[in-house]
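Enquirer: Dropping a structure here in structure tokens format, bear with me for questions.
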Amino acid sequence: MPQPIHFLIADDHPIFRKGLKDILTDAFKTIKIIECDNGVEALELIKKTEPAIAILDVNMPKKNGLEVLHNLFKERITGTRVIILTMYKEKELIKKAVHYGAFGYMLKDSAARELVECINMVNSGEKFISSELSSFHKEIAKEDNTEREFIDLLQSLSQAEIKVLKLVSQHKSTKEIASLLFLSEKTIENYRSHICQKLLLPPRNNSLLLWINEHKDLIYSINEF
């Protein structure tokens, strides 16, 4: 007898949760479903029970679905594949979900007709985005690949260079950084030069600051490397 697929459904609307459960129980012979109505409980249950697939609403009390996903990402909890289920179609939300490791991003409007396909793909290790959002798919994948390339470059920085980079991102001057790190201004200038070289930036005075302004999210996530 096959092992049941273990699902978690997190949504604060009981009628919608019931609809999802009905679709799942009709489509899959052997399943186990646990449910909750807020993000804090969802995070606790994922850690405790390790479901194969977690379906998370974005709008939930205490923690929203993306916050739960981000917590799993930061804590490197990868045993559960997450599907984000939402009404939101904004590209930045989809991009965040993809960046934080979501396997699926589905619109509530299309859940009835796409949920089973999404589950089958995610259960096989494939990614799924609602057909209505397919125009974003290639664009997001391209941007995600570019970000991963930048992350690889950031990982080539030494700890001292990372400290300098973070301080530059806070708009500290060379003099201020030198004072904070108890180093000479010449040493800080050398660090900035090395950072520019490793990030493949042109040798202009403002090139590092321009790069930082374009990639603030990456700078803020450096401590996750």
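Enquirer: Among Leu209, Leu72, Leu183, which one moves the most in a GNM of the chain with springs linking Cα atoms closer than 10 Å?
Expert: Leu183
Enquirer: Determine the calculated [θ] at 222 nm for the chain from helices alone, applying -39500 (n - 2.57) to every DSSP H run no shorter than 4 residues and normalising by the residue count; nearest 500 deg cm²/dmol.
Expert: Working: 11 runs with 124 residues, N = 225.
Dividing the helical sum by the residues of the chain leaves -17000 deg cm²/dmol.
Enquirer: Using the Cα centre as the reference, give the magnitude of the dipole from point charges on the C-beta atoms of the stretch 5-134 (Lys, Arg: +1; Asp, Glu: -1; all else neutral), rounded to the nearest 20 debye. Please report the intermediate quantities before stating the final value.
Expert: Working: 19 positive and 19 negative charges, 62 e Å.
In total the dipole reaches around 300 debye.
Enquirer: Let me ask something additional. Fewest to most neighbouring Cβ within 10 Å: what's the order for His171, His13?
Expert: Numbers: His171 10, His13 13.
Listed from fewest to most nearby Cβ atoms, that is His171, His13.
Enquirer: Turning to a different aspect of this structure: Kindly put Leu107, Leu201 in sequence by how many other C-beta atoms sit within 10 Å of each C-beta, fewest to most.
Expert: Working: Leu107 18, Leu201 15.
Starting with the residue having the fewest Cβ neighbours, the order is Leu201, Leu107.
Enquirer: Report the extension gain between Gln159 and Thr30 in nm, rounded to one decimal, defined as 0.36 nm multiplied by the number of residues separating them, less their alpha carbon distance.
Expert: Full extension of this stretch gives 41.5 nm more.
Enquirer: Still on this model: Would you work out which of Gln159, Met106, Cys36 lies farthest towards the positive end of the dipole of the chain? Charges go on Cβ: Lys and Arg +1, Asp and Glu -1.
Expert: Checking the options against the dipole of the chain, the answer is Gln159.
Enquirer: Residues of the stretch 23-64 with backbone nitrogen within less than 12 Å of a virtual label 7 Å along the Cα-to-Cβ line of Tyr88, please, listed as ranges.
Expert: 57-60, 64
Enquirer: Greater than 18 Å separation of Cα atoms is the criterion. Which listed pairs, Lys163/Lys186; Lys74/Lys96; Lys96/Lys127; Lys48/Lys127; Lys95/Lys127, meet it? Write out the running numbers ahead of the final one.
Expert: Working: Lys163/Lys186 16 Å; Lys74/Lys96 13 Å; Lys96/Lys127 14 Å; Lys48/Lys127 25 Å; Lys95/Lys127 13 Å.
Correct reply: Lys48/Lys127.
Enquirer: Sticking with this one: Using DSSP to define loop residues, name the chymotrypsin sites (Phe, Trp or Tyr not before Pro) in the stretch 161-211 whose beta-carbon has at most 16 other beta-carbon atoms within 10 Å. The partial results should precede the final answer.
Expert: Working: sites: Phe182, Tyr191, Trp211; in loops: Phe182.
Sparse-neighbourhood loop chymotrypsin sites (Phe, Trp or Tyr not before Pro): Phe182.
Enquirer: What shape does the stretch 34-86 take by its C-alpha gyration tensor, where a ≥ b ≥ c are the square roots of the eigenvalues and a/c under 1.5 counts as rounded, a/b above b/c as prolate, and the rest as oblate?
Expert: Values: a/c = 1.41, a/b = 1.28, b/c = 1.11.
Rounded, since a/c falls under 1.5.
Enquirer: So, one more: Mind pulling the per residue volume of the convex hull built on the Cα atoms of the stretch 5-134? Å³ is fine. Kindly include the intermediate steps, with their values, before the conclusion.
Expert: Working: hull volume 12.0 nm³, N = 130.
So the per-residue hull volume is 92 Å³.
Enquirer: Could you line up Ser193, Ser124 from fewest to most neighbouring Cβ atoms inside 10 Å? Please report the intermediate quantities before stating the final value.
Expert: On the way: Ser193 13, Ser124 7.
Taking fewest neighbouring Cβ atoms as first place, the list is Ser124, Ser193.
Enquirer: Only Lys, Arg, Asp and Glu count, each charged at its Cβ (+1, +1, -1, -1), so figure out the dipole size of the chain about its Cα centre, rounded to 20 debye.
Expert: Dipole size: approximately 480 debye.
Enquirer: OK, next. Beyond 25 Å, how much of the Cα-Cα pair distribution for the chain remains, as a whole percent?
Expert: Working: 12396 of 25200 pairs.
Result: 49 percent of Cα pairs exceed 25 Å.
Values in this text are rule-based calculations from the coordinates and carry no lab data. All figures in this text were calculated on a predicted structure; none of them were measured in a lab. Cβ atoms come from the backbone with ideal geometry, glycine included; neighbour counts cover every protein chain shown.
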